[in-house]
Amino acid sequence: MDEIRVPKLNTNDSAYVLTVWLVRDGGPVRAGEVVAEVETSKTVEELVSEHDGVLTHLTPAGRDIAPGDPIARVALPERTSGPPPLHPPAPAASTGAGTGDGPLVTAPAQALIDELGVDPERVRALPVKVVRRADVERLAAGPAHREGGPGEPGPVTADRGTPTPGGRSLRALSGNQRAVGRTVSLSHQTVPAAYTAVKVDVGRAVAAARDLTRRLRRLVGLPDLLISAVARRHRDFPLFFATLVGEGTAGVPESPHVGVTIDLGAGLYVPVIRDADTKSVGEIAGELAAYRKLAQRGGFKEEQLAGGTIVVTLHHDADVVMAVPIVFPGQACAVALTSPQREGERTVAVVGLSYDHRLINGRDAVLFLQALKETLEGTPSEGL
């Protein structure tokens with residue numbers, strides 16, 4: 001008999017949520033088969049069986065679990081020499097909330113469906129195999145989710161939270177937002193950050209991105225050019241990619257792994273483009289496009305979010321003229337990019353830099369920004 005135990009999935013969480021069983025209790029399982037999904041504060045991870053056999057659940061879906069907890073057993077099916085039973089055993093209850101041919105529904109998603117009164121038919125119509133809480137949140141925010149019975153008009157509803165005697169309501173934050181809060185708090189507590197910014201004429205860069213889009217038949221934008229420019233400054237500015245190790249020592253990585261902020265409404269994520277200095281702008285654009293698709297459903301794996309050595313934060317809204325990012329704990333700086341703005345005959349954007357003053361001084365920060373400015377104002381697609 002083999003136990004399936006919860007592995008350590010990241011360095012941030014001490015507990016996870018067992019969201020859904022993909023193999024029923026008492027059902028057959030093959031070695032390497034995915035049997036359950038576990039939600040961390042940032043990702044959804046799959047757990048697999050290492051052996052063939054019959055799966056026995058030890059923990060129901062929806063429960064909090066911790067690294068090392070046994071959640072299931074896998075045993076070889078028992079063999080008997082006697083005649084078969086007159087009445088076959090009743091099938092085990094489904095561990096997903098879906099019915100018929102519909103998708104499995106995770107426990108957090110089902111709780112939100114019940115709370116908000118989302119039409120089950122709309123849930124069953126989702127083009128996914130597993131419905132997660134983020135899917136339900138998008139359904140609830142859509143125009144088809146209204147108060148009243150089926151077909152009855154009513155105002156669009158939202159989660160109003162739990163009322164309190166003081167007239168306020170209490171709303172539980174998502175696991176993703178709690179993780180963001182922990183990171184922001186740790187940054188403010190531990191990183192003595194400074195900030196500076198430069199204005200960049202991005203007219204040629206925007207034109208280069210359009211040209212690359214036509215040539216590659218893949219959408220390329222100013223963020224892709226900036227990510228490439230940042231990564232290619234790794235050799236000239238190694239401390240900007242470093243980690244403070246103890247008192248007075250910096251650990252410099254061999255390669256730049258650039259994290260990029262993505263928030264499409266399902267939570268803030270910072271996936272990492274690894275070895276970005278070895279990749280073309282087109283390759284970077286392709287990875288970033290794939291990450292945006294994952295961000296829509298919160299489907300990242302932990303390895304896609306880990307290992308960043310610097311972060312580029314993107315602020316696309318047209319009214320944003322400056323953004324001051326946090327320095328992620330364990331990193332030296334974060335580069336911010338605003339959306340392009342018309343300024344007379346020029347198209348400009350602000351590139352800002354938050355940096356750990358224990359590693360980087362203001363003069364070097366300006367030199368780094370000027371190097372990025374030079375690249376973006378030159379011909380950024382040459383050789384990329």
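Values for this structure:
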item: Nearest-0.05 FRET efficiency for residue 30 and residue 184, computed from C-beta distance (R0 45 Å); result: 0.55
item: Virtual spin-label span in nm between residue 121 and residue 296, 7 Å along Cα→Cβ; result: 2.5 nm
item: Segments 340-346, 265-271 sorted - mean Cβ within 10 Å per residue, highest first; result: 265-271, 340-346
item: Across 279/373; 8/293; 129/279; 129/301; 301/373; 42/199, pairs whose alpha-carbon gap is larger than 29 Å; result: 129/279; 301/373; 42/199
item: Mean projected area (nm²) of the alpha-carbon convex hull when the stretch 176-377 is viewed from all directions; result: 11.2 nm²
item: Vicinal HN-Hα couplings computed from phi for the stretch 221-234 (Karplus, 6.51 cos²θ - 1.76 cosθ + 1.60; Hz; Gly/Pro x); result: x, 4, x, 5, 5, 5, 4, 4, 4, 4, 4, 6, 9, 4
item: Ellipsoid equivalent to the stretch 2-75 - semi-axes via the Cα gyration tensor, in Å; result: 20, 11, 10
item: Per-selection metrics, the stretch 171-270 (Cα): Rg and Dmax in Å; result: 17.6, 50
item: Computed magnitude of the charge dipole of the stretch 199-355 (debye, nearest 20; Cβ of K, R +1, Cβ of D, E -1); result: 620 debye
item: Per-residue Cβ neighbour rank within 10 angstrom, fewest leading, 301, 293; result: 293, 301
item: Extension gain, residue 210 back to residue 3 (0.36 nm per residue minus Cα-Cα distance, nm); result: 69.1 nm
item: Cα-centre dipole for the stretch 2-75 with unit charges at Cβ (Lys and Arg positive, Asp and Glu negative), debye to 20; result: 80 debye
item: Modelled label reach - residue 218, point 7 Å along Cα→Cβ, the stretch 264-304 residues with backbone N closer than 12 Å; result: 279-291
item: Antiparallel DSSP beta bridges within the stretch 174-317, percent to nearest 5; result: 65 percent
item: Extension gain from residue 341 to residue 50, taking 0.36 nm per residue of separation minus the Cα-Cα distance; result: 99.3 nm
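Computed from the coordinates by the stated procedures, all read-outs in this text should not be read as laboratory data. Since the model is a prediction, treat every value here as computed from it, not as a measurement. For neighbour counting, all protein chains shown are included, and Cβ atoms are generated from backbone atoms with ideal geometry for every residue, glycine included.
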